[in-house]
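Each reported figure results from applying straightforward, stated rules to the coordinates on display, with no laboratory input. Because the structure is predicted, anything quoted here is derived from the model rather than measured. Using ideal geometry, Cβ is built from the backbone for each residue, glycine included, and neighbour counts are taken over all protein chains shown.
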Amino acid sequence: MDQTVPDHERFEREQIAQDRDRRRSDTVEIDEQRGREVVNSLLDEGVVEPIPEQEVLQHVPSGQCFNSDTALVYFHKGWVAGTEE
């Protein structure tokens, strides 16, 4: 710790960092089963649509297509985090 910075400034910086950490989306690894559950939820919400003729799922807000549930979930988490800031 930088001892030249007053205590109240250090405290404020720590609080800002904690707030920022709380707002970041969870980056815990997602297994296939959890990925399928999240994709099903996104399908129900209309955030994802299947494109059967191409055998892919399209992330509607961005237009990106995926053939992997896990890749789609990670992309969506990043997209949500990017649009919240």
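In sequence order, region 38-49 has phi-based couplings of 5, 4, 4, 5, 5, 5, 4, 7, x, 7, 10, 10 Hz under the Karplus curve 6.51 cos²θ - 1.76 cosθ + 1.60, θ = phi - 60°, and Gly or Pro positions carry x. With each label modelled as a point 7 angstrom along the Cα→C-beta vector, the residue 37-residue 56 pair spans 2.8 nm. Each residue of region 62-76 was assigned a 3J(HN,Hα) from its phi angle through the Karplus expression (A = 6.51, B = -1.76, C = 1.60, θ = phi - 60°), giving 9, x, 6, 10, 9, 10, 10, 4, 5, 4, 4, 5, 4, 4, 4 Hz with x at Gly and Pro.
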